[in-house]
Amino acid sequence: MTSNLPPNRIGANRPWLLWINSVLALLSGLGIGIWIWLLQNRAWLPAPDSEAGKRLLKSYSGTSGDVVLALLTLSVITLVVLIRRTQEPPIESWNPWRWAQCHPLVIALWAGYTVAMLHGSSWFYPELVGWYKDVISDHLLNNFSFRSDFLRETLKRDDFRFFPLAHQDLHILSWFTAYIKVWMLISAAELFTIVVVSARFVRRLTGHEAIPGLLLITSLLLLFQPSTGTAFFQLIYSERLLTFLFSLYFASYLHHQQTRSAQTFYSTILFALLGIFVKDIAIVLFLAPPLVTLALGSIGRMEGYPRLKLNNQNELNNSYKLELWLCSLILVFITSYIALSLLPSSYASSGAYSKGAELTLRPDLRIWLMLAYSTWRGWNITTGRSQANLLDCLNLAALIYAGSLFLLIGYHSSSYLALPIQLITVLDALWIWSETISPFLGSRTGQRATAGIGVAACLGLIGIEHQAGFSFLNQVSRIKISQDSWQQTYSRLQELARERKEDGHPVNIIRDRSTWFSRKRHLGRLNYDRLIIHDPQEGTYTVEDGIKEGSTYTPRAGDLLINIDRQPHDFTPPSTRDYNLIYRYDPSLHNGRIYIKR
């Protein structure tokens, strides 16, 4: 087979790749050796639950995190410099005003969607309650400092998890503004970038410049999927940043396949490098495409790649240069995982993180579409009727990713965890629309009518999903109600504490041990005499803050018992013989309640 690849514009860099892989392999081997020694010689180290053990674990986590972040930052800076040095002038300038005039419905849809994202948004999210306390501390004067809760959530884990760069976009944003609505605007910009990048990917993949309704159809399919609503109407899930980087990755990858430019070579590596640090199984999304490309290309089944010959090393280095560099990221991942997660987790012996929902499966229509499309493409590629392209590689990556989720914590199509997979299902639908349905309809009805049919089909699919229990509207409504109930209950508690103080009554607030709110997490800003922790399992009450801090406590008349955020499995309502309900956000909700001791 003759290659139809564009000329390779990247200089020879095989020695660099060999040197980097050798160093990483050496470090990985050293790490595995230390891990084996640790398992066999635990008695030589202090117990992890002792004070000395806690100091050792804290010191190691801080040092290893600093080293990995420093090396990662240096790598990112190097890649950015190389991208800028090899940057080529655009063929034509982009006029945003003209673009907006060409897509008025898309702009209107995005504007309404952004308003919906901003409406009612606040810091009253589960994890964000803890993260935000560091943002507003020190009277907003200590801007450019590392937030301890952000780092503890990502870099300093001892449960075998690995996502050191998760939420770091919010971490950086917190240096410049404490306004959550600004954070949400940035999140909206990331989402719309994914939409634009996905539409351009399909246009570039199919080679069709004018595809009826492409951007509007992309927007409808992606924006109104429940997993998108869960991930982007909240700010606490790493899938938001992961999917953003993943979209930039496959768009840059395809551009490189078609142009072989040095700029896209480095940018693809950059997005993959950042992406593998956002989530522990993200390595599947970024490594499967180059591995599949190498496998299929070696037997002449990959579009645009030459069949490999065992005696032609130069062809491998030239035609598959990017794939070789991307595959080397597996060593980056292994080395970093050993240093940041495996060693501290093995020492702490705290067990692997699990949500207890293994082997649950709830697919939707879209995942069945992806399976059907992948099966059809796989048969055509196997029988030689067509050659594989990058979308086929992405489909295989998405299926492996879905399988990994299923085995680890279960797979639910409307969950935020499924967002990268849902993005690939959108690309599949767009490819089918662009290559088969749109040309067929366009030759009979015209461009506008074809676009209208595509939009109507998308709205119909959204309606079917709503009826089938995969409802974007229901998902977003639950998020908004939850945020508002937390906020309104907190505000009412603040008013009650002030009113009782003004009336000369003691203010004692009792919280459940499992709540996200505590003295450090915003309750300390209330005007109370005592803040008490209730441990329902032990049946104890302990003063967390205030008069006689640290002492046991017996509830007395006039004490306020709060349930801002807990659900039935976490909080049992008190007996009506002992407490009166004085505030309830909504009778249908278990949380959002305040009681007073009789």
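The values are calculated or read from the model by the stated rules, or taken from the named source; none is laboratory data. Model, not experiment: these values are computed from the prediction. FYI the Cβ positions are ideal-geometry reconstructions off the backbone, even for glycines, and counts take in every protein chain you see. Only protein heavy atoms, including side chains, enter the accessible area calculation; ligands, DNA and RNA are left aside. Shrake-Rupley method; radii C 1.70, N 1.55, O 1.52, S 1.80 Å.
Note that the range 104-121 has calculated 3J(HN,Hα) couplings of x, 5, 5, 4, 5, 5, 5, 4, x, 5, 5, 4, 5, 5, 6, 4, x, 5 Hz, one per residue in order, obtained from phi through the Karplus relation 6.51 cos²θ - 1.76 cosθ + 1.60 (θ = phi - 60°); glycine and proline are x. Averaging the Cα positions of each part gives two centres, and for the range 68-129 and the range 453-519 these lie 28 Å apart. Averaging Cα coordinates gives a centre for the range 42-60 and one for the range 245-322; these two points are 42 Å apart. Computed from these coordinates, which is mean projected area of the Cα convex hull in nm²: (1) 26.8; (2) 60.4; (3) 32.1? Label (3) holds the value from this structure. Applying both filters, DSSP loop and at most 10 other Cβ atoms within 10 Å, to the trypsin sites (Lys or Arg not before Pro) of the range 364-439 gives Arg385. Charge tally around Ile381: other residues with Cβ under 13 Å, Lys/Arg +1 each, Asp/Glu -1 each, net +1.
To the nearest 0.05, what FRET efficiency results for Ser514 and Ser349 with a Förster distance of 22 Å applied to their C-beta separation? About 0.40, to the nearest 0.05.
Working from label points 7 Å from Cα in the Cα-to-Cβ sense, the Leu30 to Thr540 distance is 4.5 nm.
When Lys597, Lys279, Lys520 are compared by accessible area at a 1.4 angstrom probe, the order from most to least is Lys520, Lys597, Lys279. Could you work out how far helix 214-223 tilts from the main Cα principal axis of the chain, as a 0 to 90 degree angle to the nearest 10? That helix lies at roughly 30 degrees to the long axis.
Whole-Hz Karplus values for the range 480-492 come out as 5, 5, 4, 4, 5, 5, 4, 5, 5, 5, 4, 5, 5 Hz, taken residue by residue from phi with 6.51 cos²θ - 1.76 cosθ + 1.60 and θ = phi - 60°; glycine and proline positions read x. The helix-only estimate of mean residue ellipticity at 222 nm for the chain, built from DSSP H runs of length n ≥ 4 each weighted as -39500 (n - 2.57), is -18500 deg cm²/dmol after division by the residue total.
Sorting Arg448, Arg260 by solvent-accessible area of protein heavy atoms yields Arg448, Arg260, largest first, with a 1.4 Å probe. Accessible surface of the range 122-236, 1.4 Å probe: 61 percent of it comes from carbon and sulfur atoms. With the whole protein complex present, Ile34 retains an accessible surface near 80 Å², based on a 1.4 Å probe.
Ordering Val182, Val135 by accessible surface, largest first, gives Val182, Val135; the 1.4 Å probe counts only protein heavy atoms, with every chain in place. Give me the percent of the accessible area of the range 500-598 that comes from carbon and sulfur atoms, probe 1.4 Å, all protein chains in place. C and S fraction of accessible area: 44 percent. Using the 1.4 Å probe convention, the accessible area of the range 205-301 works out to 20 Å² per residue with neighbouring protein chains retained. Using the Cβ of Ile547 as centre and a radius below 12 Å, the other residues enclosed give a net charge of -2, where K and R count +1 and D and E count -1. A crude spin-label estimate for the pair Ala178 and Lys501, with each label 7 Å from Cα along the Cβ direction, gives 1.8 nm. The solvent-accessible area of His171, taken with every protein chain present and a 1.4 Å probe, is close to 0 Å². For the chain, relative contact order (Cα pairs under 8 Å, six or more residues apart, normalised by length) works out to 17 percent. Taking all protein chains together and rolling a 1.4 Å probe, Leu105 ends up with roughly 120 Å² accessible. For the range 119-215, the dipole from Cβ point charges (+1 on Lys and Arg, -1 on Asp and Glu) about the Cα centre works out to 260 debye, to the nearest 20. The residues packed around Glu239, meaning those with a beta-carbon under 14 Å from its beta-carbon, carry a net charge of -2 if Lys and Arg are +1 and Asp and Glu are -1. Axis of helix 419-432 versus longest Cα principal axis of the chain: the two differ by about 30°, to the nearest ten degrees. Ligands, DNA and RNA are left out, and with a 1.4 angstrom probe the accessible area of the range 45-167 is 60 Å² per residue. Per residue, the solvent-accessible area of the range 414-572 (1.4 Å probe, heavy atoms of protein chains only, all protein chains present) comes to 47 Å². Taken about its Cα centre, the range 514-598 carries a charge dipole of about 240 debye when Lys and Arg each add +1 at the Cβ and Asp and Glu each add -1 at the Cβ. In order along the range 297-303, the phi-based Karplus estimate (6.51 cos²θ - 1.76 cosθ + 1.60, θ = phi - 60°) of 3J(HN,Hα) comes to x, 5, 10, x, 10, 10, 4 Hz; Gly and Pro are listed as x. Under 30 Å Cα to Cα from Lys520, which lysines show up? Leave out anything in the same chain fewer than 8 places away. Filter leaves Lys54, Lys58, Lys133, Lys156, Lys181, Lys279, Lys355, Lys480, Lys501, Lys548, Lys597.
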